[in-house]
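Q: Sharing a structure, written as structure tokens. Questions coming.
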Amino acid sequence: MNIESTLQNVSVVGELLNGIPHGVAILDTNLCIVRMNRFLEAMTGYITDEAKGVYGEFVLRTNLGSRDLVCKRVLKNGESVSIDGNIINRRRKKIPVHFTLSRLHDGKGKPLGVLIVLEDSSVMKVEKLGHQEQSIRTEIIGHSSQIEKVFELMSVLARTDASVLITGETGTGKDLIAEALHKSSPRARQPFIKVNCGALPEALLESELFGHVKGAFTGAVTETVGMFRLAHKGTIFLTEIGDLSLPLQVKLLSVLDDQEFFPVGGSKKVKVDVRVIAATHRLLRDEVQHGRFREDLFYRLNVLHLHTPPLRERDGDIRLLLDHFLRRFSAKLGRDVTDFSAEALAVLTQYPYPGNVRELRNIAEYSANICQGTAVEIKDLPLYMFRAAESQETPEVVRSRLDDSLILPEVVKKVSPVAGGWIEMEKEMILDALRQCGGNRSKTAVVLGWGRTTLWRKLKKYKME
Amino acid sequence: MKIMITTRGDFISPRFDLSSEVLIATCYDQQLMEEPRSLLLSDVSAEILCDLALKEKVSVVVCGGIEEVHYQFLTWKKITVIDSVIGPYNDVLQLAVNSGLMSGTILSGVNSREVAS
């Protein structure tokens, strides 16, 4: 009994196949077309009558390996196969297709042919792209116009393969954006390697980035591939690029230009295909002007530039982020902290967040831990937030308050702010006092409120004797 | 007139972009000038085949399924493309030499597993 006679016995088979919303082809044991449903006819551009009896591969034109190996294997083993691929139809259109191949057999297990279901996945791919855009948004929270602009730019940058420079204050989500860019780029299935250029000393960083050969330096007992080779075909994310030393900047520039480099101590060039995303909290243009960053590297990295706005400029996002992080930490801790009191919210929304989202997240975590009720009160907020508020007062206000409340030696009050920290200020203070007392060390010590020995020790320490 | 045919075994290759064998024949006045040359390509790519067609200065390309972009490129380069052809390449070549081949032609002898493999 062959498959054609089997199908003819069942008059409803044709209608049954047409009812399936995917392309369906039935091949005989010679892998020639026996039946095609209407959906497949539309997909391939061939009607069943002209395709009947023709070797299936000539009509379907799939990319499932040469000489129909998959079909032959299914027919032989009887194991169904599900595989992604494409077809080129008569209208010269390449259609991405999800194939499912199963063996047809009679009741006794004798193979009669192969059933191929072709699911048009072009629609699914479009949906997937939309979903990817959505996933960028779900990882980074915000609805302000400033962050919306970032999202818009990100969806454009994700489609390109050029270098991206992400700038922004610390804690604004540069890392998250870099990762989201990678995940929504065509390199998403390849590795995403993050390297913090500020975390390692220069010599170590060079070996970390480019790898080294065995015996390149003392302790190099084995060969290391380096981050660039690990990121081959993927993305390397160089964070804190502004902290990179000048010699390494030269090497990085040559890698970006030629996509090849010599590992430390190596004599053989290594070729890599890597997309570079760099980030820094520094103003690279200023660094270039001060000679701390190479101008050519800056222009090479600055092909596409994305600036992450600080939290204080993102209208309305603070409340959104507070709620999100409070919910997350409260769930993690198994607490029932769900809201902020009006007073606490007033403080939290007015706070300038110099550490941006990272600081806000930490504040939410602190509050979720400390709060004993269901709503976060002012007392549940970290104390430094209020100290920071005080320190934002102008120097004049602080000075007047000091004048009123603290009894400081006259010399201290007169001291003007000196660049260089406490040591410089103390030196200046001692000099002023000495001048005031005509060089008399005992009087100077009294004026400063110190003992003579302390003054002598400090003079010796600062080499002012 | 030079004709390039993408082949797989004894047949026209089902897909232009996945063809690794080509047959190049020169004809004049509906007669083959010489024995057709068979080339085996090291890489499989539609771009390589397009380049080859230009390099060999062919006037006609005969193939199975071809993407619109490659079809347009070849026709832009004044090469006639006869696509969606199904059949044994010898018969197809004969038809092409006699100027009787059209896009979408399905010749006989393509219905058994033995001949196809």
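The values are calculated or read from the model by the stated rules, or taken from the named source; none is laboratory data. Since the model is a prediction, treat every value here as computed from it, not as a measurement. Cβ: placed from backbone, ideal geometry, glycine included. Neighbour counts: every protein chain shown.
Q: Just wondering, is there one or more residues in the range A:44-59 that are buried (at least 20 other Cβ atoms within 10 Å of the Cβ), touching a strand residue (DSSP E or B) at 6+ places or on another chain (Cβ under 6 Å), modelled with pLDDT of 90 or more and in a strand (DSSP E or B)?
A: Within the range A:44-59, none of the residues are buried (at least 20 other Cβ atoms within 10 Å of the Cβ), touching a strand residue (DSSP E or B) at 6+ places or on another chain (Cβ under 6 Å), modelled with pLDDT of 90 or more and in a strand (DSSP E or B).
Q: Restricting to the range A:88-112, name every residue that is within 14 Å of another protein chain (Cβ to nearest Cβ) and not aliphatic (A, V, I, L, M).
A: Those that are within 14 Å of another protein chain (Cβ to nearest Cβ) and not aliphatic (A, V, I, L, M): A:Asn89, A:Arg90, A:Arg91, A:Arg92, A:Lys93, A:Lys94, A:Pro96, A:Pro111.
Q: Report every pair of residues separated by at least 6 positions or lying on different chains whose Cβ atoms are under 9 Å apart, first residue within the range A:26-41 and more than 13 Å from A:Val54 (Cβ to Cβ) and free of Cβ contacts under 8 Å to residues at least 12 places away in the same chain, second not β-branched (Val, Ile, Thr) and not in a helix (DSSP H, G or I).
A: A:Glu41/A:Gly23
Q: Any chance you could count how many residues in the range B:76-96 are without any contact (Cβ under 8 Å) to a residue 40 or more places away in the chain and in a loop (DSSP other than H, G, I, E, B)?
A: Of the residues in the range B:76-96, 4 are without any contact (Cβ under 8 Å) to a residue 40 or more places away in the chain and in a loop (DSSP other than H, G, I, E, B).
Q: Moving on to the next point. What are the residues in the range A:358-389 that are of a type in the set (A, V, I, L, M), assigned to a helix (DSSP H, G or I) and farther than 14 Å from A:Leu333 by Cβ, if any?
A: A:Leu360, A:Ile363, A:Ile378, A:Met385, A:Ala388, A:Ala389
Q: For the range B:9-35, name all the residues that are of a type outside the set (Val, Ile, Thr) and within 14 Å of chain A (Cβ to nearest Cβ).
A: B:Gly9, B:Asp10, B:Phe11, B:Ser13, B:Pro14, B:Arg15, B:Phe16, B:Asp17, B:Leu18, B:Ser19, B:Ser20, B:Glu21
Q: Scanning for something assigned to a helix (DSSP H, G or I) and at pLDDT below 95, does the range B:21-37 turn up at least one residue?
A: no
Q: Separate question: Would you confirm whether or not the range B:44-66 contains a residue that is of a type in the set (Gly, Ala, Ser) and closer than 15 Å to B:Gln94 by Cβ?
A: No, every residue in the range B:44-66 fails to be of a type in the set (Gly, Ala, Ser) and closer than 15 Å to B:Gln94 by Cβ.
Q: Would you say B:Lys55 is away from every other protein chain (no Cβ under 14 Å) and in contact (Cβ under 8 Å) with a residue 12 or more places away in the chain?
A: no
Q: Restricted to the range B:81-105, and to residues that are among the β-branched types (Val, Ile, Thr) and within 25 Å of A:Ile87 (Cβ to Cβ), which residue is modelled with the lowest pLDDT?
A: The qualifying residue modelled with the lowest pLDDT is B:Thr105.
Q: Please find, among B:Ser42, B:Ser38, the residue that is exposed (fewer than 14 other Cβ atoms within 10 Å of the Cβ), more than 13 Å from chain A (Cβ to nearest Cβ) and within 14 Å of the chain's Cα centre (by Cα).
A: Selected residue: B:Ser38, the only one of B:Ser42, B:Ser38 that is exposed (fewer than 14 other Cβ atoms within 10 Å of the Cβ), more than 13 Å from chain A (Cβ to nearest Cβ) and within 14 Å of the chain's Cα centre (by Cα).
Q: Sort out which residues of the range A:37-87 are at the interface with another protein chain (Cβ under 10 Å from one of its Cβ atoms), over 39 Å from the mean Cα position of the chain (by Cα) and of a type in the set (Val, Ile, Thr), and write them in order of number.
A: A:Thr44, A:Val54, A:Val59
Q: Among the residues of the range B:45-75 satisfying the criterion of being assigned to a loop (DSSP other than H, G, I, E, B) and charged (D, E, K, R), which is surrounded by the most Cβ atoms within 10 Å (Cβ to Cβ)?
A: Taking the candidates together, the pick is B:Glu67.
Q: Hey, any hits in the range A:271-278 for a residue that's farther than 19 Å from A:Ala162 by Cα, in contact (Cβ under 8 Å) with a residue 24 or more places away in the chain, of a type outside the set (A, V, I, L, M) and not in a strand (DSSP E or B)?
A: no
Q: Please specify each residue of the range A:418-465 satisfying the condition of being touching a Pro at 6+ places or on another chain (Cβ under 7 Å) and either part of a helix (DSSP H, G or I) or modelled with pLDDT of 85 or more (or both).
A: Matches in the range A:418-465: A:Val447, A:Leu448.
Q: Only one of B:Ser108, B:Ser99 is away from chain A (no Cβ under 14 Å), of a type in the set (S, T, N, Q) and part of a loop (DSSP other than H, G, I, E, B); which?
A: B:Ser99
Q: Six or more apart or on different chains, Cβ under 6 Å: which pairs go from a residue in the range A:294-308 that's of a type in the set (Ser, Thr, Tyr) to one that's at pLDDT 85 or above? Could you list them?
A: Listed by first residue and then by second, the contacts come to A:Thr308/A:Gly168; A:Thr308/A:Thr172; A:Thr308/A:Gly173; A:Thr308/A:Lys174.
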